[in-house]
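A short worksheet on the structure shown next.
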Amino acid sequence: MKKLVALGLSALVASTLMAKDIKVGILQPLTGPIASFGQKTLDGIKLIHSKYNTLPNGDKIKLVVVDNQFDKIQTVNGYKRLVSDDNVVAVEGPLASSMSLAVKRFANDTKTPTVTQIATNPRVTAGTKYITRACFTDPFQGKVAATYALKHGLKKAVVVFDMKQDYSVGLAKAFMKAYKKGGGKIEKVLFINTGDKDFNAQVAQIKRLHPQFIYTPIYAPEEGLFLRQLRAAGVKAPVMGGDGIADPALLKKLAGSAANGVMYTDHFDAIKPPTPLSAEFIKEFKAKYHRLPSAFAATGADGYLLIYNAIKKCDTPANSNNLSQFKQCVANAIRHTKHLEAVTGYLTINPKTGNPIDKPAVIEKIVNGKTQFVELVRP
Amino acid sequence: MDVGFVLQQIINGFSLGSMYALIAIGYTLVYGVLRLINFAHGDIMMVGAFSAFIALGFLTGWKFNHISMFVFFTAVGISIIVTSIVGILTYVSAYKPLLDKGAPKISLLITAIGISFFLESLFNVIANQYLGGTYQAFYFPKWFSTIIHVGSLTIPVLTIIVPILTILILLGVLFILYKTKVGIAIRALAFDIYTVKLMGANSNFIIGFVFALGSALAAIGGIAYSMAYPSIDPYMGMLVGLKAFAAAVVGGIGSVTGAVIGGFILGFAEIAIPGFFPELGGWKDAFAFILLIFVLLFRPTGIMGIDFERQRF
């Protein structure tokens, strides 16, 4: 009997030693205005997690999913909960630059490695060792849009941005800088607020100015009603946005036929898989969810892969008993990622800036509520 | 800037203003009887818009094409009934227990904010679980967006209907208040709730009636708002509710006519200021509240300012 107990105990000890759970926090907007972005991201994360959840030594990665509701207070509360209650090793999220900036201080204070997979504002990763992104930044995205417009002879533009969103403010600035440098003329800069529904004042001004091009680095809920009112007023100039409007289904729902012809810059198009892993991911995603993965799903998967890869390097017996040491190691490993095969391409992080090097952008166009690939732009 | 443009702005302003007015009446009525700023009232308007949307969904099999007038007004009717019930439920479940225990007014105010969060979160869950997303497009018969051309003016039918409807509803509410027995009871209750109770009047019924009436008007306002800006979400009531509250205060809280006048003024300011000074377009929300401060500076009790201790409505 004694022997049996001892055997049982040792088996228990051995099993706990052998297979330990490592928690990774997922902080995304699963409800709220941009819930569809968060849900798509989570689909991508779950799929890639089902493929890569076990480390070589048998440890398992467990996801702790928290909804931030696209609200700064909920974001900070959720982040604190993940770090101090759930003791996660790393956090993926939050999506959206304004939310990532809200947790920046806490990431620094608690030294928690954080991968904000799709926050494009440059300030998010500046001056911190703990936040890293898995996507391109707004200066590049703005330049892609400006170059595209100028290449097509559209030299008089109006910019409409959302003054409550860091993403929108930053992207508008980046676009204007590149556009002016390329010889374009900014006729007028107009602003809106998150949650606005009446854009007639802005539309009336745009109508009077007759611009050749309208750049709208805002989010999809506002973009939908803006487009509807813009086209109803008879303005026919081409409209382009950033990755914040990359929700063709919502745009179609809110704008109807006015969504036709709208273009946006995005991170990934499923018809152009850049890596073998990417092709495999698209195939499995289609089998599981019966649709093609969006850029949100793809970058969601990439963010997870960055964390997974770093944990794989750092999951040593010495580290697993010391959470803060483990976290420090993971943070370093994420920043020193080199040529990691991911869904949107090969990821190499610049250790100083926390930005991936060499991430291309795609330009997409909405035709009858579906996206159409226009072109791929490399930096 | 021609006459046509000015007229167009005035018409648009009155149209938006009448939506605020419909919601503001609810604030004023409840304030009249309970001295309570019902901060959940903006969300009651959201409940009105969502229940109309859900009713339309059921009636059209979630296809929303070719909505006939009959189907649409059935949905509006269902929405008014559902929203009134929700309004009564908020009173019965949240405010009445506190009132019965003699809780201070500030507790009621906090409870109202709690109800507001509850309704927002509830409809957030409903929208995400069953409707497929936080944001929904609001559908209605095409006839409402038919455009009438008068000279250089382009006026959608909806823009004319809403103010007319609001004036009719205002007359209806005034009729109820001054010509019916319930109305007399409401005014008596507003005058002195304790004496009315002593006289044996059923104060619960009367307050319930006030909540139902205010909620029904909020539902109509919410549906009109969703037709003008056809995108609904669980948080739509927050800002609109605040503006309607500002309208009620500008008009003189406690006065139904004042609420309608305040609504018109606020809607007009919000449309006209960006219309005449388009550069200020992004600041339009600020104007509603700057206007509120100015009116209160010169008329602390609002435009239809009434001496609170002597007269109601």
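Counting only residues that are within 14 Å of chain B (Cβ to nearest Cβ) and buried (at least 23 other Cβ atoms within 10 Å of the Cβ), which one in region A:18-31 is nearest to A:I311 (Cα to Cα)?
A:Q28
Could you tell me which of the residues A:K365, A:K338 is surrounded by fewer than 16 Cβ atoms within 10 Å (Cβ to Cβ), at negative phi and not acidic (D, E)? Full working, then the answer.
Details: A:K365 fails: surrounded by fewer than 16 Cβ atoms within 10 Å (Cβ to Cβ).
Result: A:K338 is the single residue among A:K365, A:K338 that is surrounded by fewer than 16 Cβ atoms within 10 Å (Cβ to Cβ), at negative phi and not acidic (D, E).
Quick one: which of A:L277, A:L250, A:L254 is closer than 19 Å to A:A134 by Cα and in a helix (DSSP H, G or I)?
Every option except A:L277 fails the conditions.
Taking region A:148-176, which residues are buried (at least 21 other Cβ atoms within 10 Å of the Cβ) and touching a strand residue (DSSP E or B) at 6+ places or on another chain (Cβ under 8 Å)?
The answer is A:A149, A:A157, A:V158, A:V159, A:V160, A:F161, A:D162, A:S168, A:L171, A:A172, A:F175.
Do we find that B:N124 is modelled with pLDDT under 90, polar (S, T, N, Q) and touching a helix residue (DSSP H, G or I) at 6+ places or on another chain (Cβ under 8 Å) in this structure?
No, not satisfied.
What residue, of A:T265, A:T344, is surrounded by 20 or more Cβ atoms within 10 Å (Cβ to Cβ), at pLDDT 95 or above and not in a helix (DSSP H, G or I)? I'd like the intermediate steps shown before the answer.
Working: A:T344 fails: at pLDDT 95 or above.
Checking each option against the conditions leaves just A:T265.
What number of residues within region A:83-135 satisfy the criterion of being free of Cβ contacts under 8 Å to residues at least 60 places away in the same chain, within 16 Å of A:I307 (Cα to Cα) and hydroxyl-bearing (S, T, Y)?
Result for region A:83-135: 1.
Got at least one residue in region A:144-152 being out of contact with any helix residue (DSSP H, G or I) (no Cβ under 9 Å at 6 or more places or on another chain), assigned to a helix (DSSP H, G or I) and without any contact (Cβ under 8 Å) to a residue 12 or more places away in the chain?
Scanning region A:144-152 turns up at least one residue that is out of contact with any helix residue (DSSP H, G or I) (no Cβ under 9 Å at 6 or more places or on another chain), assigned to a helix (DSSP H, G or I) and without any contact (Cβ under 8 Å) to a residue 12 or more places away in the chain.
Show the residue pairs meeting these rules: Cβ distance below 6 Å; 6+ apart or different chains; first residue within region A:35-51 and within 14 Å of chain B (Cβ to nearest Cβ); second residue surrounded by 23 or more Cβ atoms within 10 Å (Cβ to Cβ) and among the polar types (S, T, N, Q).
Every condition considered, the pairs that remain are A:A35/B:T134; A:G38/A:Q28; A:K40/A:S294; A:L42/A:Q28.
In region A:278-305, what residues are buried (at least 21 other Cβ atoms within 10 Å of the Cβ), among the aliphatic types (A, V, I, L, M) and out of contact with any Ser or Thr (no Cβ under 6 Å at 6 or more places or on another chain)?
A:A295, A:A297, A:A301, A:L305
Restricting to region A:323-368, name every residue that is small (G, A, S) and in contact with a Leu (Cβ under 8 Å, 6 or more places away or on another chain).
A:A342, A:A361
So which residues in region A:338-359 are of a type outside the set (A, V, I, L, M) and touching a residue at least 60 places away in the same chain (Cβ under 8 Å)?
A:E341, A:T344, A:G345, A:Y346, A:T353, A:G354, A:N355, A:P356, A:K359
Go through region A:228-274 residue by residue and tally those that are within 11 Å of another protein chain (Cβ to nearest Cβ) and polar (S, T, N, Q).
Residues meeting the conditions: 1.
Counting residues that are surrounded by 15 or more Cβ atoms within 10 Å (Cβ to Cβ) and β-branched (V, I, T), which helices (runs of 4 or more DSSP H) fully inside region B:22-129 reach at least 2?
Answer list for region B:22-129: B:41-60, B:69-90, B:105-126.
Considering each of B:L89, B:L36, B:L29 in turn, give the residue that is at pLDDT 95 or above and either among the aliphatic types (A, V, I, L, M) or touching a Lys or Arg at 6+ places or on another chain (Cβ under 8 Å) (or both). Before the answer, list the steps.
Values: B:L36 fails: at pLDDT 95 or above; B:L29 fails: at pLDDT 95 or above.
None of the others qualify; the one that does is B:L89.
Looking only at region A:177-191, filter to residues that are touching a Gly at 6+ places or on another chain (Cβ under 7 Å) and buried (at least 21 other Cβ atoms within 10 Å of the Cβ); which one of those is nearest to the other protein chains (Cβ to nearest Cβ)?
Looking at residues that are touching a Gly at 6+ places or on another chain (Cβ under 7 Å) and buried (at least 21 other Cβ atoms within 10 Å of the Cβ), I get A:L190.
Assuming A:A149 fulfils every condition listed in (1) more than 14 Å from every other protein chain (Cβ to nearest Cβ); (2) touching a Leu at 6+ places or on another chain (Cβ under 8 Å); (3) over 23 Å from A:C329 (Cα atoms); (4) among the hydrophobic types (A, V, I, L, M, F, W, C) apart from one, which condition is it?
Here A:A149 meets the rest and fails (2).
Pairs, please: C-beta under 6 Å, at least 6 apart or cross-chain, first residue within 8 Å of chain B (Cβ to nearest Cβ) and in region A:192-204, second part of a loop (DSSP other than H, G, I, E, B) and surrounded by fewer than 24 Cβ atoms within 10 Å (Cβ to Cβ)?
Going by the 6 Å Cβ cut-off, the qualifying pairs are A:N193/A:K164; A:K197/B:Y229.
Which residue pairs have Cβ atoms under 8 Å apart, sit 6 or more places apart or on different chains, and have a first residue in region B:117-145 that is more than 12 Å from every other protein chain (Cβ to nearest Cβ) and a second that is among the acidic types (D, E) and surrounded by 15 or more Cβ atoms within 10 Å (Cβ to Cβ)?
Final answer for the pair search is B:L119/B:D43.
Applying the selection to region A:205-233, what residues are free of Cβ contacts under 8 Å to residues at least 40 places away in the same chain, among the hydrophobic types (A, V, I, L, M, F, W, C) and under 21 Å from A:Y148 (Cβ atoms)?
Selection gives A:L227, A:L230.
When the residues of region A:67-83 are filtered to those that are hydrophobic (A, V, I, L, M, F, W, C) and closer than 24 Å to B:D233 by Cα, which remaining residue is farthest from the chain's Cα centre (by Cα)?
Checking each candidate, the answer is A:I73.
Among the residues of region B:281-291, write down those that are at pLDDT below 80 and facing chain A (nearest Cβ under 10 Å).
B:G281, B:G282
Restricting attention to region A:205-227, which residues are assigned to a loop (DSSP other than H, G, I, E, B) and away from chain B (no Cβ under 11 Å)?
A:H210, A:P211, A:Q212, A:P217, A:I218
The values are calculated or read from the model by the stated rules, or taken from the named source; none is laboratory data. This is a predicted model, so every value here is computed, not measured. Cβ atoms come from the backbone with ideal geometry, glycine included; neighbour counts cover every protein chain shown.
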